[in-house]
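**Q** So that we are looking at the same thing, I have put the structure below in structure tokens.
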Amino acid sequence: MTAYDKTDVVIVGSGFGGSIPAYHLAAGGAKVTVLERGPWLETKEFEHDYLLGSSYTRAFDFVVGDGMSVLGGNCVGGGSVVYFAAMPRAPKFVFERHGSIGRRMWPSALTRDSLEPWYDRVSESLPVSTQDWNDVSYAGGLWAAFCNHSGRTANPAPVAVDNDRCVNCNFMMAGCRFDAKRSLLTNYLPAALAHGAKIRPLHEVQRIERIDDGDYRVHFTIVDDEDYRLQSGSGTIDAKVVIIAAGAGATPVILQRSEAALGTMPHAVGRYFSGNGERLNTAIINEERVREVLGLSREDGKVYEANHIGKGPTVANWDKLDGSLPEYERYSLEQLYFPPGLGTILAQVPDGDEPRWFGVQKKEILKKWASWLTIFLMTEDDNEGVFGAPPPTGNAYRISQQMLGRGPLKYDPTPNTRHGWALADAECKEILEKDGLAKVAPWTNDVVGAYTVHPLASCRIGDDPATSALHPNHELRDHPGIFVTDSASVPGALTVNPAMTIAALAERSVPGIVRALQARGVDVTYGAPAPDGSITGRRAVGKLSLVAGS
Amino acid sequence: MDSDEQVEVSTLEAYADTIVPGEKRFPDDHAIAGASPGPGAVVAGALELLHTEATGVTVGLPYLAQSLNEHAKVYAKENAVTLDESLPPFVALSFADRTALVRSLTAPGHPEKDGWVSLALFCNMSFDSAAHKHTAEAIAEGHPGLLAMGYTAPDEDGLWRFPKFSYRRELARVHPDTTPSGSPA
């Protein structure tokens, strides 16, 4: 089967980077087609189930690289369907980072202050809300109590969750069955559809070529609904503008594979990948000591034993998000739930004998799983990831029918990155092991490399052509009409959960894309309200000179 | 020596038992080394999961079992271990020797690391998430891994809900530089 089609804009991927432009461009009058390689799951299909083939494996991709593994979304709605909806804005100092290049890595036009109106648009659209202590799960409360006991502060994290609907099942990584998580399936995507955008699931884009009139032809294959290793049929679709938002693990691979047809890619395509400096520590809680020292207990008399209850991260320690500290010494420590399966195997036995990730002692800590407290470290890494030669299709050699694959990413952490990890690990240990409250160990990197759930920066924006793949307006250097608006465009680690910043950058990119479409003769304007019709955010960004159209 | 199929099964069981060890099923159980009380990965269904097509490793299992036994022979020779020839070589190793061999096969830099890590991953998943069964059914059937880890049963519709989820107390001072959006400054 070969399909052929034509539209104004093709968007590759339907996560934050794809859905946000899809909505605004469709609302502005452009013909928009979104190609998503994963399935289109309805709310009733989001299961509480670890069976292979349930939504848990259908909606995710886990790609093992050399030194780094990447966990990401693979469904309509992308990362927003599988993330835990923590939505902090990145601290000011992040935008001033130099990272591995010895100069400011963000474009000069971008600061926390200049991004603030775009953050506001996202906050209104999802919406994002602040949390109080009544919203905080037992695990988050426990982490807060630990932080307080060791003289530190702790913050309930802002989240995109409707607390009135949330049942604290902690299954939101397999998609939210209760529509409590404000994923893109509840806001931007239905609004885009209402304005005529087309979404095609199970369409995996393989490469892009330029056709005679300056437009682009996007080549895709059709992925089997159950066994993603199988592909049946292919097609193309032509567009005046292409937006690539396939995620930092896949976006550069599509561009690499397109190089033969499009011409040389900027040096930074497939380089400078960041794992957001991420690392996980697993603490085994001493329940009795927590009762004695922290005075905590649940309504049912238990102290904690609640690893499985909650809604992902609810409380973070931000004491080291201090711009006066040196680079690589700033990080956040966030309570996180991580479900069993792929994650549990990487937990190591604190103070155990080798091997610490499998064997007798590991089984003993598995039996204390309800008393685990997982701490998620987001540090400043060195953008050291590099993508090798692309696999024949997609961004990985698929191993399992779903989820598991082997990819070409290589990541060899520098001493700077290791230094940041070591400091954050040490701080975790100091907080958690004080007065015998717990024992903690970092996850091992030896099994599947370092591990990120927030891949970034493989195709980043910047002012310097040598170290950035995209102009500050997200247009691919030397390839006008191709934009990258997803996590790949974020220049480096953010020290906090990145979804809010990815979404704000996507919002910020839209006026420039509107201008590019207008220059190509497409009748499109910018200025749609939030998906629910709210206009506060539109008013704020309307004052910015970036805005195009009427 | 047993049939090829029996060799494969007991070799893979011994590998699974090295990842999440358990107690012997019967006195003469060679595949399970008996290193830990209570059921381990084998009784949790490791072989069943490995033979689930969705894993993508199923067709490679005969090769992995054969290769594991080859590695076990080399290991035994290098470490002056005498193997019981009535058993597959990996099964004939002690738990400590199995563990040492699996450590080397899964260590960074080993050329076959990917395959052995995948095998370990699925063996672990059989115990900690019963990925070959619907979770609610596995719990209802008394799946040993899920029960050992303290999973509770879902509501009647197979969904988990926790009406009580919070200590509902202010438990720390928030950072002084928190913005009105609840973010760091």
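**Q** Using only Cα atoms, locate the centre of segment A:485-519 and the centre of segment A:33-67, then give the distance between them in Å, rounded to an integer.
**A** 24 Å
**Q** For segment A:417-424, what does the Karplus curve 6.51 cos²θ - 1.76 cosθ + 1.60, with θ = phi - 60°, yield as ³J(HN,Hα) per residue in whole Hz, taken in order and with x for Gly and Pro?
**A** Couplings: 5, 4, 4, x, 4, 5, 5, 5 Hz.
**Q** Would you tell me the accessible area of A:THR236, worked out with a 1.4 angstrom probe on the heavy atoms of the protein chains, in Å² to the nearest 10?
**A** Accessible surface of A:THR236 is approximately 20 Å².
**Q** With solvent modelled as a 1.4 Å probe, how much accessible area in total do chains B and A shield from it at their shared surface, in Å² to the nearest 100?
**A** Answer for the B-A pair: about 6100 Å² buried.
**Q** Lys and Arg at +1, Asp and Glu at -1: add these up for the other residues within a Cβ distance under 9 Å of A:LYS31 and post the number.
**A** Numbers: positive: A:LYS6, A:LYS198; negative: A:ASP8.
Residues close to A:LYS31 contribute a combined charge of +1.
**Q** If you take each beta carbon of peptide A:477-484 and count the beta carbons of other chains within 10 angstrom, what is the mean?
**A** Mean partner shielding for this stretch: 0.
**Q** Non-local amide H neighbours of A:PHE483 (under 5 Å, H modeled in plane, Pro and chain starts lacking H): which ones?
**A** Result for A:PHE483 returns A:VAL242, A:ILE243, A:ILE244, A:LEU476.
**Q** Let me ask something else about it. Counting Lys and Arg as +1 and Asp and Glu as -1, each charge on the Cβ, what is the dipole of chain A about the Cα centre in debye, to the nearest 20?
**A** 600 debye
**Q** I'd like the mean, over residues of B:148-161, of how many other protein chain beta carbons sit within 10 Å of each residue's own Cβ.
**A** For this peptide, the per-residue mean of nearby foreign Cβ atoms is 5.
**Q** Mind running the shape call on segment A:114-181? Use the C-alpha gyration tensor, a ≥ b ≥ c as the square roots of the eigenvalues: rounded below 1.5 for a/c, prolate if a/b tops b/c, oblate otherwise.
**A** The shape class here is oblate.
**Q** Ignoring everything except DSSP H segments at least 4 long, calculate the 222 nm mean residue ellipticity for the protein assembly as shown; use -39,500 (n - 2.57) per segment, divide by total residues, nearest 500.
**A** So the helix-based figure for the protein assembly as shown works out to -8500 deg cm²/dmol.
**Q** Mind giving me the nanometre distance, one decimal, between the label points for A:ASP215 and A:ASP353, set 7 Å out from Cα along Cα→Cβ?
**A** Taking the simple label geometry, A:ASP215 and A:ASP353 are separated by 6.9 nm.
**Q** Each label point is 7 Å from the Cα along the Cα-to-Cβ direction; what then is the distance between the points at B:GLU53 and A:TYR4, in nm?
**A** 3.5 nm
**Q** Quick one: net charge of A:PRO266's neighbours, Cβ under 14 Å, K/R +1, D/E -1?
**A** Result for the local shell: -2.
**Q** At R0 = 45 Å, how high is the FRET efficiency between A:ALA194 and A:ARG289 if r is their beta carbon distance? Nearest 0.05 is fine.
**A** Working: r = 54 Å, r/R0 = 1.21.
That pair, A:ALA194 with A:ARG289, gives E of 0.25.
**Q** Continuing with the same structure: Taking the solvent-accessible surface of protein heavy atoms with a 1.4 Å probe, what is the per residue accessible area of segment B:1-151 in Å²?
**A** Solvent-accessible surface per residue comes out at 41 Å².
**Q** Which entries in A:LYS44/B:LYS133; A:LYS302/B:LYS133; A:LYS240/A:LYS543; A:LYS181/A:LYS311 show an alpha-carbon gap greater than 21 Å?
**A** A:LYS302/B:LYS133; A:LYS240/A:LYS543
**Q** Going 7 Å from the Cα of B:ALA96 in the Cα-to-Cβ direction, what parts of segment B:5-47 have a backbone nitrogen less than 17 Å from that spot?
**A** Only B:18, B:33-36 pass the distance filter.
**Q** Give, as a single signed number, the net charge of other residues whose beta carbon lies under 11 Å from the beta carbon of A:THR485, with Lys and Arg counted +1 and Asp and Glu -1. Let's see the in-between values first.
**A** On the way: positive: A:ARG508; negative: A:GLU475, A:ASP486, A:GLU507.
Charge balance in the 11 Å sphere: -2.
**Q** So, by mean Cβ neighbours within 10 angstrom, what's the order for A:317-325, A:44-52, A:100-108, A:241-249 with the highest one leading?
**A** Going by the mean number of other Cβ atoms within 10 Å, highest first, we get A:241-249, A:44-52, A:317-325, A:100-108.
**Q** Enter the mean number of other protein chain beta carbons within 10 Å of the beta carbon of each residue in A:340-349, as an integer.
**A** Mean inter-chain Cβ contacts per residue within 10 Å come to 5.
**Q** Show me, for segment B:84-100, the HN-Hα J-couplings you get by feeding each phi into the Karplus relation (A = 6.51, B = -1.76, C = 1.60, θ = phi - 60°), rounded to Hz, glycine and proline as x.
**A** 6, 6, 7, 10, x, x, 5, 5, 6, 6, 5, 4, 5, 6, 4, 4, 4
**Q** I've got another one for you. Treat every Asp and Glu Cβ in segment B:3-148 as -1 and every Lys and Arg Cβ as +1, leave all other atoms uncharged, and give the resulting dipole magnitude about the Cα centre to the nearest 20 debye.
**A** Magnitude of the dipole: close to 400 debye.
**Q** Now, a different point. Within 10 Å of each candidate Cβ there may be at most 14 other Cβ atoms; applying that plus a DSSP loop requirement, which GluC sites (Glu not before Pro) in segment A:167-231 survive? Walk me through the numbers before you get to the answer.
**A** Numbers: sites: A:GLU204, A:GLU209, A:GLU226; in loops: A:GLU226.
Passing sites in segment A:167-231 are A:GLU226.
**Q** Looking at A:LEU142, A:TYR4, A:VAL159, which one has the Cα that reaches farthest to the positive end of the dipole of the protein assembly as shown (charges on Cβ: Lys, Arg +1; Asp, Glu -1)?
**A** Going by the charge dipole, the pick is A:VAL159.
**Q** Would you grab the residues whose amide H sits under 5 Å from the one on A:LYS320? Only those 5+ places off in sequence or on another chain, please, with H modelled 1.01 Å from N.
**A** Hits under the 5 Å cutoff: A:TYR331.
**Q** Setting aside same-chain residues fewer than 8 positions from B:LYS73, which lysines have a Cα under 19 Å from its Cα?
**A** List returned: B:LYS113.
**Q** Of the listed peptides B:36-42, A:109-115, A:486-492, what is their order by residue-averaged count of other C-beta atoms within 10 Å, with the highest listed first?
**A** Those peptides, ordered most packed to least, come out A:486-492, B:36-42, A:109-115.
**Q** Need the full-extension length gain, A:GLU299 to A:GLU329, defined as separation in residues times 0.36 nm minus the C-alpha distance. One decimal, nm.
**A** This chain segment gains 6.9 nm when fully extended.
**Q** Check which residues have an amide H placed less than 5 Å from A:ALA438's amide H, if you skip close sequence neighbours.
**A** For A:ALA438, the qualifying residues are A:ASN286.
**Q** Taking the Cα centre of segment A:1-58 as origin, work out the dipole magnitude from +1 charges on Lys and Arg Cβ and -1 charges on Asp and Glu Cβ, in debye rounded to 20. Show your work: numbers first, answer last.
**A** Numbers: 5 positive and 7 negative charges, 41 e Å.
For segment A:1-58, the charge dipole is close to 200 debye.
**Q** Quick one: Cα centre-to-centre distance for segment B:67-137 and segment A:81-143, in angstrom?
**A** Answer, in whole Å: 43.
**Q** Antiparallel versus total DSSP beta bridges in the protein assembly as shown: what percent is that, nearest 5? Could the numbers behind the result be given before it?
**A** Values: 53 of 82 bridges.
If I count the DSSP bridges inside the protein assembly as shown, around 65 percent turn out antiparallel.
**Q** When the Karplus curve 6.51 cos²θ - 1.76 cosθ + 1.60 is applied with θ = phi - 60°, which whole-Hz ³J(HN,Hα) does each residue of segment A:329-334 get, with x for Gly and Pro?
**A** The phi angles translate into 10, 10, 6, 10, 10, 10 Hz.
The values are calculated or read from the model by the stated rules, or taken from the named source; none is laboratory data. On a predicted model such as this, the values are computed, not experimentally measured, just so you know. Here Cβ is always computed from backbone atoms with ideal geometry, including for glycine, and neighbour counts include all displayed protein chains. When the accessible area is computed, the model is the full protein with side chains, heavy atoms only, and any ligands, DNA or RNA have been set aside. Shrake-Rupley method; radii C 1.70, N 1.55, O 1.52, S 1.80 Å.
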